[in-house]
1. Work out the charge dipole of the chain with +1 on the Cβ of Lys and Arg and -1 on the Cβ of Asp and Glu about the Cα centre, then indicate which of Val17, His288, Leu192 is farthest towards its positive end.
2. Can you give me the % of accessible surface on the chain that is carbon or sulfur? Probe 1.4 Å, all protein chains present, nothing else counted.
3. At 1.4 Å probe size, what's the solvent-accessible area of Thr195? Round to the nearest 10 Å².
4. For the chain, set up a GNM with springs between Cα atoms under 10 Å and report which of Gly90, Gly247, Gly182 has the largest fluctuation.
5. In terms of Cα to Cα distance under 21 Å, which lysines are near enough to Lys346, apart from those fewer than 8 places away along the same chain?
6. Relative to the longest principal axis of the C-alpha atoms of the chain, give the angle of the C-alpha long axis of helix 72-81, reported between 0 and 90° and rounded to the nearest 10°.
7. Amide H to amide H, which residues 5 or more places from Phe391 or on other chains are under 5 Å from it, using H placed in the peptide plane?
8. Using only alpha carbon pairs under 8 Å that are at least six residues apart, calculate the relative contact order of segment 286-374 and give it in whole percent.
Amino acid sequence: MDVRALVYERISGPEPVCLFAYDLVGLRRHVERTVAALPARCSMYYAMKANSAGPVLECLAPLVAGFEVASGGEIEKVRAVSADAPILFGGPAKTPSELALALKSGVTRIHAESVLELYRISAAAVDGGVVVEVALRVNLAGPLPEATLAMAGRPTQFGISEDDLPTAIEAATTLPGLRFAGFHLHSLSNNLSATTHLAMLEVYRDTVLAWERRFGVRVEVLDVGGGIGVDYGRPESRFDWEGFCAGLARWVATLPSHWREIQFECGRYLTAWCGRYVAEVLDVKTNHGVSYALVRGGTHHFRLPSSWAHSHPFTVVPVERWESAAPRPGIRDGVVTVTGELCTPKDVLARDAPVPLLRAGDVLVFEQAGAYGWDISHHDFLSHPHPEQVFMGGRGPDSPGS
Ligand SMILES: *Cc1c(COP(=O)(O)O)cnc(C)c1O
């Protein structure tokens with residue numbers, strides 16, 4: 001994808017440049033490769049909360065096994081691009097009407113997060129005259145291998161405590177309208193180490209084997225969650241997916257044959273690289289010895305760096321044109337903190353980033369903005385206009401790169 005060409009095209013417009021650019025060709029290539037490396041019995045679902053834009057879903061629908069959704073709205077977005085893509089419905093607090101919508105929309109399986117929820121799913125299934133598969137999301141007692149953000153092995157609102165498992169399994173195997181299919185264990189996020197991820201799978205296998213024996217249940221599906229990481233500090237370094245898949249194949253060979261499907265539901269790892277956030281520098285100034293570049297845009301479009309408390313890497317697209325009579329402010333061979341247009345000191349995209357030259361009117365390109373970028377941001381705080389969303393290489397009308 002040629003972001004520079006897009007920037008130079010947009011720079012002549014009446015408003016400062018501010019957009020998300022998505023490379024659907026690169027997305028397709030990356031996801032095809034990722035899925036192709038998986039060993040037998042393993043499948044890849046897309047956790048669409050990472051990026052639920054229609055063109056992204058449309059691009060991924062033929063490539064992944066299905067979609068992992070966590071709301072009625074996400075179910076509707078999937079069904080808008082595919083009438084029959086398999087859907088796994090998770091999420092920590094589902095309403096009865098969402099459960100009814102899920103059943104009407106033909107979801108493949110529901111990930112149950114509590115005993116009460118199993119009763120609610122059962123009631124919805126009986127009401128709809130259907131039987132629905134459930135997998136129990138368990139918050140493992142731990143200990144689990146280290147990663148940046150842990151969803152289990154410690155107190156969180158997610159999943160069923162191992163203490164409640166006897167009651168939950170009893171409910172899942174006896175309530176009308178339910179068919180117990182297996183377990184769902186999504187325990188970490190943004191894990192960068194293939195070795196850690198494989199170690200976690202060892203814990204999963206041993207734990208689930210012990211549950212099968214203890215509770216006399218038969219596991220058909222084990223959902224091992226998402227959580228494959230992206231190294232934002234070093235865009236060139238990647239999670240060793242090939243090495244992971246080699247270890248995964250050895251791990252799969254140790255599983256009982258009736259565990260017919262091992263599901264991954266990745267978000268970040270699939271879509272992080274396909275998106276770039278592009279913002280024009282409106283002003284450059286120094287306050288109390290710190291240099292700031294202030295962009296058209298900010299964390300209300302791209303909250304990811306603020307949410308992870310990191311400094312997001314960017315590149316500078318130099319723009320020579322400067323039509324104003326005012327002196328053009330800039331920094332040469334310095335470090336800059338990049339902030340946005342919001343009236344809060346938390347509106348920071350990058351901190352103390354070295355730049356050879358950065359001037360008002362130049363344009364910044366933040367890489368790895370395709371997952372948890374626009375989707376997690378508080379778009380209407382301060383009521384600035386939204387960024388343009390440009391999908392390149394897709395089938396829609398906004399496809400300059402196709
Ligand atoms: C967010 C989430 C995912 C995706 O996580 P990534 O870290 O983006 O891969 C998968 N499963 C569940 C249940 C989630 O909440």
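1. With unit charges placed on the Cβ atoms, the residue in question is Leu192.
2. Values: 8930 of 16920 Å².
Summing carbon and sulfur atoms, their accessible area is 53 percent of the total for the chain.
3. 110
4. Gly247
5. Lys285
6. Relative to the chain, helix 72-81 is tipped by roughly 80 degrees.
7. Tyr22
8. Numbers: 156 pairs, mean separation 36.6, N = 89.
Once divided by the residue count of segment 286-374, the mean separation gives 41 percent.
The values are calculated or read from the model by the stated rules, or taken from the named source; none is laboratory data. These figures come from a predicted structure and were not determined experimentally. Using ideal geometry, Cβ is built from the backbone for each residue, glycine included, and neighbour counts are taken over all protein chains shown. Heavy atoms of the whole protein, side chains included, go into the accessibility calculation; ligands, DNA and RNA do not. Shrake-Rupley method; radii C 1.70, N 1.55, O 1.52, S 1.80 Å.
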